[in-house]
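These notes are about the structure you will find just below.
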Amino acid sequence: MKMISSILLLLILSSCLCAATFVVNVTQSSYQAEENHSITLEWTFTNKTNSSPSSLFVFCKLRQNQTDFVIYHVFMGVEASLYLDKRFTGRVQSDKDVLREGRIRLHVSRLRTEDSGLYQCQVNTEYGWSSASLQLNVKVGLVAHLREMSDGGVYEAAVAAEFEKGEID
């Protein structure tokens, strides 16, 4: 009986250690950006050199008001675009080289204020799964904001020129 208990304890501890060694992290938990700019969002995960690329599943989404918008999907080691949300089509590029190193790097271009929200990536492999989230806040750019406020193009152009020169913070 003592031998069986020892074996069961060893199995339980081994499974706990395996599960605890696979982790997904964010390199930064919160991002700020301006509309029409670009940003790179990054997650890292535990990667084993002997794992098969076909055992990699990645699912990244934007969560807003209990609705999910898929921005990136890897199925059996291959990028899959079938479930990607249309509003991100052509605006999200991944760095495929760093995926093998245990990093998910997504470059989002032409940011919109509606891109603000909680981004989550879940990674599944043959040795575990985990997920991590980050927050993105996209603000209206200064020039766009002034454009909404101004009545005439002369004022808008003058302020934009001063901003470009660095005279306005």
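Computed over neighbours whose Cβ is under 15 Å from that of N25, the net charge equals 0, Lys and Arg +1, Asp and Glu -1. Among the lysines of segment 22-156, pairs that are 8 or more positions apart or on different chains and have alpha carbons within less than 22 Å of each other number 6.
Relative contact order for segment 22-156: 34 percent, from Cα pairs under 8 Å spaced at least 6 residues apart, divided by residue count.
Per the Debye calculation on segment 22-156 with a single equal scatterer at every Cα and no solvent contribution, log₁₀ I(q)/I(0) for q = 0.11, 0.16, 0.20 Å⁻¹ amounts to -0.43, -0.80, -1.15.
Stretching S54 away from W129 to a fully extended chain increases their span by 25.5 nm, per 0.36 nm per residue minus the current alpha-carbon distance. Rounded to the nearest 0.05, the FRET efficiency derived from the C-beta distance between S109 and Q66 at R0 = 30 Å is 0.65.
Can you give the net charge of the other residues whose Cβ lies under 15 Å from the Cβ of L99, counting K and R as +1 and D and E as -1? Here the charged neighbours net out to 0.
Lys and Arg at +1, Asp and Glu at -1: add these up for the other residues within a Cβ distance under 13 Å of C121 and post the number.
Neighbour charge sum, excluding C121 itself: +2.
None of the figures in this text is laboratory data; all of them are computed from the coordinates on show. Because the structure is predicted, anything quoted here is derived from the model rather than measured. Neighbour counts are summed over all protein chains in view; Cβ atoms, including those assigned to glycine, are modelled from backbone coordinates with ideal geometry.
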